[in-house]
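Quick note: the coordinates plus some simple rules give every number you see, no bench work behind them. No experiment lies behind these values; they were computed from the predicted model shown. Counting neighbours? That spans all protein chains shown, and the Cβs are built from the backbone with ideal geometry, glycine included.
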Amino acid sequence: MKLLILAANGQIARIVEERILTEDKFKDVDLVLLLRRASRLQSLKDRYPDRVTLVVAVT
Ligand SMILES: NC(=O)c1ccc[n+]([C@@H]2O[C@H](COP(=O)([O-])OP(=O)(O)OC[C@H]3O[C@@H](n4cnc5c(N)ncnc54)[C@H](OP(=O)(O)O)[C@@H]3O)[C@@H](O)[C@H]2O)c1
């Protein structure tokens with residue numbers, strides 16, 4: 001399953017993302033993360049390259 005999170009660098013969003021990527025019950029969930037500056041979540045992409053897709057939001 002793919003889960004889209006908007007404003008993915010927000011405080012609450014980052015807590016959710018960390019839980020999804022580390023907890024076994026969410027192991028089948030991949031993340032599509034939309035944010036204005038993708039570099040802010042590059043470390044997450046580096047840790048989970050197969051499960052995280054970063055999308056730049058144009059505002
Ligand atoms: N934290 C709480 O305890 C709490 C409690 C109740 C309700 N809420 C509500 O829940 C929401 C998220 O809270 P939070 O604490 O996680 O907020 P936050 O850390 O301030 O994150 C908000 C996110 O929204 C993005 N954003 C703001 N304006 C934007 C725009 N014009 N276009 C695109 N993206 C935009 C920011 O993106 P960038 O990273 O690109 O700047 C940021 O990542 C807020 O609406 C808040 O009012 C929070």
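Descriptive notes on the structure:
- Under 20 Å from the Cα of LYS25 - aspartates and glutamates, other chains or at least 8 residues apart: GLU17, ASP50
- Averaging over all projection directions, the Cα-based convex hull of the range 2-56 occupies 3.2 nm² in the image plane.
- Put simply, the amide H of VAL52, placed in the peptide plane, has neighbours under 5 Å in LEU31, leaving out anything fewer than 5 places away on its chain.
- Restricting the range 1-36 to trypsin sites (Lys or Arg not before Pro) in coil, as DSSP defines it, with at most 15 other Cβ within 10 Å: LYS27, ARG36
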